[in-house]
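Asker: Dropping the structure in here first, questions after.
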Amino acid sequence: MVLVAVFGVALLIAVLLSGLAARTVLSTSLLFLVGGALVSDGFLGLIHITADSGIVAVTADLALFAVLFTDGMHVSFPKLRANWKNPARALGLGMPLAFVGMALVTHYVVGLDWTTSFLVGAVLAPTDPVFASAIVGRKEVPAKLRQLLNVESGINDGLALPIVLILIAAAGPTAGHAEASLAKIGLELGLGLALGILLPLFVTSLVRFRLLGAEPKLQPLLPLAIGIILYGLCHLTHANPYLAAFSAGAVLTAASPEAKAAFEPLGEALAELAKFAALLVFGALLTPQLFGELSLGGYVAVVLAIVLIRPASLLISLIGTRFDRREKLVAAWFGPKGFASVVYGLLVLQSGIPHGQEAYTLIAVCIAASIIAHSSTDVPIARLFHVEDLTGIPADNDAAEVHHSTEAGHARA
């Protein structure tokens with residue numbers, strides 16, 4: 001119950017400081033991260049959490065499911081068809097370059113084997129501008145820049161997941177049976193995709209029956225019911241819940257825009273709560289011992305990941321586009337190591353692969369450094385686009401179609 005009380009206190013402080021956070025370098029995400037670290041064994045010792053604690057796996061699992069479900073609901077297929085070129089460059093060229101670049105740095109600078117190095121690259125490739133929301137949530141920032149970052153971050157989590165799972169299987173203690181493991185992973189991913197597509201289509205078809213339908217006050221609970229059923233089905237059938245969540249959100253939005261609109265405020269709030277809870281737990285794992293375990297080469301790799309690999313990979317992918325120099329630089333800088341990386345990093349740690357602990361240490365330090373660097377620089381950089389009042393400015397309609405999690409009134413993560 002101490003952890004519950006700590007979460008409540010952190011949530012209260014985050015809400016009370018959210019207005020200030022929207023105007024300054026203060027970050028509510030950093031607050032939960034630091035709060036978790038302060039109450040852990042490394043400092044005050046109020047809670048005792050280790051990587052194999054049940055609460056770590058459960059919190060991470062639920063949080064990523066919730067985040068990917070709401071991420072999927074922000075994918076607009078019509079918008080993607082109309083404005084697909086820039087996000088396609090970021091996803092099709094920028095993300096693979098970042099993946100390979102991080103793998104090379106991990107292998108040659110940190111000294112991990114190639115399989116584990118590519119695993120680290122896959123975990124750190126996804127981005128999440130929820131940690132830089134003054135950029136993606138303000139109408140004064142050019143719409144095409146916000147759209148690029150929103151679509152990129154909304155889709156790359158799902159793209160990285162199969163690669164992470166395959167590399168964990170290849171690097172694991174049963175690597176000699178990698179073919180069987182990969183076949184199992186393929187089955188789980190396929191089943192997850194099928195459930196994520198069929199369940200929302202089935203439920204939305206039920207709503208069209210004349211005798212069925214939800215009254216207005218209960219309409220937001222329809223997508224929530226889909227999510228709960230889907231989560232349970234995935235764990236009962238061993239289908240991959242993350243791919244199922246993302247695909248279900250996207251299909252539900254396409255099949256029933258009114259359901260998406262009704263659920264959006266509730267869904268965003270639930271996703272924020274899940275995200276904050278996972279960050280608090282993740283922060284509790286960031287002990288002084290963990291930072292002490294990372295080698296000098298590891299710290300060099302962290303710096304390179306933030307200031308070189310992501311910026312260079314995206315700048316290369318944007319060559320020839322209509323972004324001006326300032327927009328390219330801002331897009332290149334804002335590639336925070338996302339929430340998905342937190343969960344994927346925990347998957348690596350709990351997988352039992354030979355170099356899992358070393359890989360997780362590098363991943364965890366990189367995520368923590370990224371949260372600090374990106375969530376504390378979004379407001380000053382947003383002001384370069386003449387953002388005068390960062391509180392209560394709603395996103396325009398273009399950005400709302402692919403908005404990631406920073407609607408007006410949300411605390412800046």
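The values are calculated or read from the model by the stated rules, or taken from the named source; none is laboratory data. Predicted, not measured: the structure shown is a model, and the values here were computed from it. All Cβ positions, even for glycine, are placed from backbone atoms using ideal geometry, and neighbour counts span all protein chains on display. With ligands, DNA and RNA removed, areas are computed over all heavy atoms of the protein, side chains included. Shrake-Rupley method; radii C 1.70, N 1.55, O 1.52, S 1.80 Å.
Asker: Quantify, in whole percent, the carbon and sulfur part of the accessible surface of the chain (1.4 Å probe; protein heavy atoms only).
Answerer: 70 percent
Asker: Which of the peptides 251-258, 3-10, 45-52 is most tightly packed, and how do the rest follow, going by the mean number of other Cβ atoms within 10 Å of each residue?
Answerer: 251-258, 3-10, 45-52
Asker: Output wanted: per-residue J couplings in Hz (rounded whole) for the stretch 33-39, from phi through Karplus 6.51 cos²θ - 1.76 cosθ + 1.60, θ = phi - 60°, x for Gly and Pro.
Answerer: These are the phi-based 3J(HN,Hα) values: 5, 5, x, x, 5, 5, 8 Hz.
Asker: What residue among I228, I166, I197 shows peak mean-square fluctuation when the chain is described by a Gaussian network model with Cα springs under 10 Å?
Answerer: Result: I228 has the largest fluctuation of those listed.
Asker: Here is a further query. Looking at the chain as a GNM with Cα springs under 10 Å, which of L236, L93, L165 has the largest mean-square fluctuation?
Answerer: Of the options given, L236 has the highest mean-square fluctuation.
Asker: Still on this structure, please answer the following. Report the gain in length on full extension from R208 to R326: 0.36 nm times residue separation, minus Cα-Cα distance, nm rounded to one decimal.
Answerer: Using 0.36 nm per residue and subtracting the Cα-Cα distance, I get 37.6 nm.
Asker: Working with all protein chains in place, sort S53, S317 by solvent-accessible area computed with a 1.4 Å probe, largest first.
Answerer: S53, S317
Asker: Another one. What does the C-alpha gyration tensor say about the overall shape of the chain? Classify as rounded when a/c is under 1.5, otherwise prolate if a/b is larger than b/c, or oblate.
Answerer: Cα axes put the chain in the rounded bin.
Asker: Who wins for biggest fluctuation among F99, F334, F209 in a Gaussian network model of the chain, springs between alpha carbons below 10 Å?
Answerer: F209
Asker: Restricting to lysines 8 or more places apart or on different chains, can you count the pairs in the chain with Cα atoms under 21 Å from each other?
Answerer: Close lysine pairs under the 21 Å cut-off: 11.
Asker: Farthest toward the dipole's positive end in the chain, which of T253, A364, T106, given Cβ charges of +1 (Lys, Arg) and -1 (Asp, Glu) about the Cα centre?
Answerer: Farthest towards the positive pole: T253.
Asker: Using a 1.4 angstrom probe on the protein heavy atoms only, could you order H74, H238, H355 from most to least accessible area?
Answerer: Reading off the accessible areas and sorting them downward yields H238, H355, H74.
Asker: Something else about it: Normalising by the residue count of the chain, find the relative contact order in percent from Cα pairs under 8 Å and 6+ residues apart.
Answerer: Relative contact order here is 36 percent.
Asker: Where does the chain land at 222 nm, in deg cm²/dmol rounded to the nearest 500, when only DSSP H runs of n ≥ 4 count, each adding -39500 (n - 2.57), divided by all residues?
Answerer: -21500 deg cm²/dmol
Asker: With +1 on the Cβ of every Lys and Arg and -1 on the Cβ of every Asp and Glu, and nothing else charged, how large is the dipole of the chain about its Cα centre, in debye rounded to the nearest 20?
Answerer: For the chain, the charge dipole is close to 900 debye.
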